[in-house]
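Nothing in this text is a laboratory measurement; each read-out follows from the coordinates by a stated rule. Predicted model, so just to flag it, every value in this text is computed and none were measured. Reconstructed Cβ throughout: ideal geometry from the backbone, glycine too, with neighbour counts over all protein chains shown.
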Amino acid sequence: MPSLMRHFRSLPLVDVLIGAAVITLGTLEAMTVATSYGATQNPQFWWVAQAVVTGVLVLYRRRFPVAVFILMLLAQYAWHRQGNEACPVWQLASLLIVFHTIGTKLPPKPGASWAIAGILIFDSGAVDHRQLPLEEVIFLTVLFGSAYLTGLALRGYQVRVQRMAERAARLELERERRAAEAVAAERTRIARELHDVVAHSVSMMVMQAGVLRRGLGGDNEILSGIEQAGREAVEELRIMLGALRMPQDEALPQPGLDMVDSLIATLGSSGVRVHLTVEGEPVRLPPGLDLSAYRIVQEALTNAVKYAGDADVRITIGYHDDVVELRIADNGRAGPSAAGLSTGNGLIGMRERAELFGGSIEAGPLPEGGFQVLARLPLSQGVAMSEHAS
């Protein structure tokens with residue numbers, strides 16, 4: 001019973017209401033005016049079964065338009081074979097609804113074929129078992145033809161609306177693509193101008209300060225400070241230019257190594273057991289370096305989950321004096337893991353991120369089995385977290 005209720009809830013409410021109305025109207029006519037349609041007595045209980053069958057057919061007309069259309073014609077044939085002369089209101093309304101549905105749900109060619117076939121069956125008297133007069137033939141042709149044409153018109157409207165919606169969606173995607181391309185082009189232009197103008201000018205200042213320092217004996221602290229600050233500014237500018245050339249979404253607030261625990265938690269149902277170890281005193285990294293370190297761990301961990309099978313994965317984050325070392329090793333099948341990184345964009349992307357900050361990436365199978373990714377990123381700009389907090 002619950003499954004039956006769920007089934008009826010899945011049907012459109014308007015169809016349920018129409019089916020219920022057909023059954024109700026058929027039952028009322030069976031109890032009140034059956035004799036006016038040629039029945040022998042009131043009430044005519046056999047009509048109630050006919051009304052229930054017709055109501056159920058109307059209820060499923062959208063899902064099975066052709067099958068319901070054929071069954072309705074057979075039901076009309078059976079109706080007249082019982083000796084009923086006229087077609088009551090609930091049957092005529094149901095026929096019109098079914099002809100309308102043929103026009104709405106079927107493509108024009110097959111829909112027109114079924115509609116014409118149905119009209120000819122009625123006009124020929126095959127359903128009524130009698131010769132129909134011309135005026136009744138015209139009436140039935142106009143009546144059922146109009147029902148089909150209104151359904152065909154509704155189908156055309158629905159198709160136009162769908163095409164307009166699809167076109168609007170394509171235009172919106174195209175607009176977003178062009179906007180993204182324009183932003184990317186502008187970011188590239190800014191990066192190029194910063195490189196050509198600012199980086200060149202700062203480099204010249206560093207060179208001139210170095211020439212002047214050497215000309216004064218080579219031990220001038222002020223000029224040495226200018227040189228060092230200039231070199232750091234050029235390095236910062238190089239990193240910033242690389243960030244400008246990254247995808248735009250990475251310019252938004254992004255995770256860092258402090259989010260590796262959360263990353264591991266998302267893999268709880270993957271079957272891979274992940275262990276995290278932190279060596280040394282954690283330092284707070286510049287945002288760009290922190291993001292790249294996180295993405296390297298994420299890519300290597302994703303590769304391990306994808307290829308290593310039921311394995312253990314160890315992530316080691318080591319903070320040393322001048323470098324942060326990221327080691328992601330698994331004891332799974334080394335072959336597929338190596339193939340996954342060497343033939344795809346994973347290793348390329350990790351290497352680009354590492355090289356952007358002067359780091360390096362090593363990846364390959366382990367002698368005892370499994371696969372390892374080892375990344376080393378310079379820590380010249382790291383700040384101890386304890387110092388930052390103080």
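Annotation: peptides 29-41, 366-378, ranked by per-residue average of other Cβ atoms within 10 Å with the highest first, follow the order 366-378, 29-41. Placing unit charges on the Cβ atoms of the charged side chains and taking the dipole of the stretch 37-188 about its Cα centre, the candidate lying farthest along the positive direction among Tyr37, His100, Ala86 is His100. A straight chain from Ile70 to Ala49 at 0.36 nm per residue would run longer than the Cα-Cα distance by 5.7 nm. Label-to-label distance, His275 versus Ser201, with points set 7 angstrom from Cα along the beta-carbon direction: 5.5 nm. About the centre of its Cα atoms, the stretch 68-176 shows a dipole size close to 380 debye [charges on the beta carbon of Lys, Arg (+1) and Asp, Glu (-1) only; nearest 20 debye].
For the pair Ile222 and His320, the difference between a 0.36 nm per residue extended length and the Cα-Cα distance amounts to 32.2 nm. Summing Cβ point charges (Lys, Arg +1; Asp, Glu -1) relative to the Cα centre of the stretch 7-147 gives a dipole of roughly 620 debye.
Amide H contacts for Leu276 (H built 1.01 Å from N in the peptide plane; partners 5 or more residues away or on another chain; cut-off under 5 Å): Ile315. Backbone phi angles across the stretch 36-41, fed through the Karplus curve with coefficients 6.51, -1.76 and 1.60 (θ = phi - 60°), yield HN-Hα couplings of 5, 9, x, 6, 7, 7 Hz in residue order; Gly and Pro are listed as x. Ranked by the mean number of other Cβ atoms within 10 Å per residue, highest first, peptides 99-110, 146-157, 74-85 order as 99-110, 146-157, 74-85. Using 1/(1 + (r/R0)^6) with R0 = 41 angstrom and r between the beta carbons of Met259 and Thr150, what's the FRET efficiency to the nearest 0.05? Here the calculated transfer efficiency is 0.10. For the stretch 262-304, the residues whose backbone nitrogen is under 12 Å from a point 7 Å from the Cα of Asp312, taken along Cα to Cβ, are 273-276.
Residues of the stretch 27-62 with an amide N closer than 11 Å to a point placed 7 Å from the Cα of Leu11 along the Cα-to-Cβ direction: 53-62. What is the calculated FRET efficiency for Ala112 to Gln158, with r their C-beta to C-beta distance and R₀ = 22 Å, to the nearest 0.05? E between Ala112 and Gln158, to the nearest 0.05, is 0.80. Here's how it looks for Ala311: its modeled amide H is under 5 Å from those of Arg273, which are all 5 or more places away or on a different chain.
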